[in-house]
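Note sheet for the following structure.
The values are calculated or read from the model by the stated rules, or taken from the named source; none is laboratory data. All values derive from a computational prediction rather than experimental measurement. Here the Cβ positions follow ideal geometry from the backbone for every residue, glycine too, while neighbour counts run over all protein chains shown. Accessible surface areas use protein heavy atoms only, side chains included; no ligands, DNA or RNA. Shrake-Rupley method; radii C 1.70, N 1.55, O 1.52, S 1.80 Å.
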Amino acid sequence: MKIETKCLHEGYHPGNGEPIALPIYQSTTYVYDSTEHIGKLFDLTAEGHMYSRISNPTVGAVEDKIAALEGGVGALCTSSGQAASFISLLNIMKAGDHIISASTIYGGTINLLAVTLKRFGIECTFVDQEASEEEIQKHFRPNTKAVFGETIANPALTVLDIEKFANIAHKNNVPLIVDNTFATPVLCRPIEFGADIVIHSTSKYMDGHAVQLGGVIVDSGNFDWTNGKFPEFTEPDDSYHGIVYTEHFGKAAYIAKARVQLMRDIGAYPTAHAAFLLNLGLEALPVRIERHCRNAEKVAEYLSKSNKIESVNYPSLEGGKYSELCKKYLPLGCSGVVSFVIKGGRDTAVKFMDSLKLASNVVHVADIRTCVLHPASSTHRQLTDSQLAAAGITGGLIRFSVGLENADDIIEDIEQALANI
Ligand SMILES: *Cc1c(COP(=O)(O)O)cnc(C)c1O
């Protein structure tokens, strides 16, 4: 099946006379005939739902759909994108470990890596993702356990050379984790280029309507956890009578461990209703994404001709730094997000934003409606000047998330706001 078909038909397969829409199983728990059966669930020797902190039939259908979209062996939904990032890393890291991350990533992930995980005893080195393999190799340590990057970075809009990053990670026997939020599996499937784990904030395009926060972790099933670097997969887990994840779950060891161990302990699982809403977003995702891309291309074109704009950043713009990588990784388009630097710096940027009438001034992105954000004074205000520079953000930078309105109306709004500064 092609991706459009998978978005509609994977995950939920109604039988004769059953509802065509995914049912919401609004239940915390599941009933069994015998204590023996429940005992087997706790020993992980029988399959089945036990408690909705770990799994739920509605959420499970959406997990299966997203795993199919990304080409993975399994997926785990989380209650937010941040929970997905956190659990995806904690699943393979402990105090004393180290991670290498691209520096141009989402501000919330920078906080997680540089501040919160540091308090857990996990260190992060941020690298310039344009650096050569040799340059990045120098940052590896014996305790490095993962490499991290974003397909299209929020908000810097850098494009990750996924194959290069996968090569470096695999040479060092560690997995590559890719945050594919902006691209979505419609535009790029990182597993096809060597990524081992793919994560998303589903709060963005996947949901698409600004109604439900969520995240997801997808396991490619390709990484060899028995290579000696990841004893937590090959040594007995005392909390399950000594099961060994790689023996018990084979190719799906990573995603199974994330669910039965970490989700059990942390409890950041989405509700059935949240998964139902996410599924609605996924059903029409390819149609929406295509229009987001076409509208954004028109807006980027317009902005690049305006003399009030210092620079426009849209990865596929001809002659731009990333136009070649886009042809390889994002041939269908590179999402609805455009960023630009307005001449005059921070104050002019704020005046421009306040002059917009159609575009909404919100702390959100990748919505069906056009929305706009000033990273330096909002999402990234916690970062120091040097962290801001490393994340590719200046005072005049505006992140413009092009929605599904008619492109002429969006451009007219920008035009009148530019006339006002
Ligand atoms: C928004 C976002 C996150 C965090 O997701 P939440 O759902 O807001 O917790 C992580 N990564 C990227 C690229 C994002 O855009």
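A few remarks follow.
- Using Cβ point charges alone (K and R +1, D and E -1), the dipole size of the range 3-280 about the Cα centre works out to roughly 480 debye.
- In terms of packing, defined here as the mean over residues of other Cβ atoms within 10 angstrom, the peptides 319-332, 95-108, 250-263 line up highest first as 250-263, 95-108, 319-332.
- Solvent-accessible area of the chain (1.4 angstrom probe, protein heavy atoms only): carbon and sulfur portion equals 52 percent.
- Per residue, the chain reaches -10000 deg cm²/dmol at 222 nm when only DSSP H runs of four or more residues are counted, each adding -39500 (n - 2.57).
- Taken about its Cα centre, the range 66-176 carries a charge dipole of about 520 debye when Lys and Arg each add +1 at the Cβ and Asp and Glu each add -1 at the Cβ.
- Zero-based 20 Å bins, Cα pair distances in the chain, whole percents: 27, 56, 17, 1
- For the chain, the longest principal axis of the alpha carbon atoms and the long axis of helix 162-171 meet at an angle near 40°.
- Backbone N atoms of the range 339-355 closer than 20 Å to the 7 Å Cα→Cβ label point of R369 belong to residues 352-355.
- Principal-axis tilt of helix 345-355 within the chain, Cα atoms, nearest 10 degrees: 90 degrees
- Candidates A252, G39, G194 compared by Cα position along the dipole of the chain: farthest toward the positive end lies G194, with charges placed on Cβ.
- Here the range 303-325 is scanned for amide nitrogen atoms under 14 Å from the site 7 Å beyond the Cα of T394 along Cα-to-Cβ, giving 308-313.
- A cut-off of 5 Å between modelled amide H atoms, ignoring neighbours fewer than 5 places along the same chain, links V337 with V402.
- For q = 0.13, 0.16, 0.19, 0.23 Å⁻¹, Debye-computed log10 I/I(0) when each Cα of the range 286-418 counts as one equal scatterer: -0.51, -0.79, -1.12, -1.52
- Between I398, N167, T28, the Cα set farthest toward the positive side of the dipole of the chain (charges on each charged residue's Cβ, about the Cα centre) is that of I398.
- For D97, distant residues with modelled amide H under 5 Å away: E123
- Angle of helix 272-283 to the longest C-alpha principal axis of the chain, folded into 0 to 90 degrees and rounded to 10: 50°.
- Modelled spin-label separation between F120 and E235, with each label point placed 7 Å from Cα along the Cα-to-Cβ direction: 1.8 nm.
- Here the range 260-334 is treated with +1 on each Lys and Arg Cβ and -1 on each Asp and Glu Cβ, and its dipole about the Cα centre works out to around 120 debye.
- When the chain is described by a simple charge dipole with +1 on each Lys and Arg Cβ and -1 on each Asp and Glu Cβ, the residue from N143, A156, G11 located farthest towards its positive end is A156.
- 1.4 Å probe accessible area per residue over the range 286-418, in Å²: 45 Å²
- The residues of the range 3-280 expose on average 40 square angstrom of accessible surface per residue, using a 1.4 Å probe on protein heavy atoms.
- Residue with peak Gaussian network fluctuation, the chain [Cα springs, cutoff 10 Å], from V159, V363, V299: V363
- Of K94/K229; K145/K257; K298/K351; K40/K94, those spanning more than 21 Å from alpha-carbon to alpha-carbon: K298/K351; K40/K94
- Taking the range 296-421 and dividing mean pair separation by its residue count, relative contact order in percent (alpha carbons under 8 Å, at least six apart): 29 percent
- DSSP beta bridges in the range 3-280 [antiparallel fraction, %, rounded to 5]: 45 percent
- Proximal aspartates and glutamates relative to K328, as straight alpha-carbon distance under 19 Å, when same-chain residues fewer than 8 apart are discounted: E70, E130, E133, E150, D161, E163, D179, E192, D196, E290, E297, E318
- Label-point separation, D347 to S360 (7 Å along Cα→Cβ), nm: 3.1 nm
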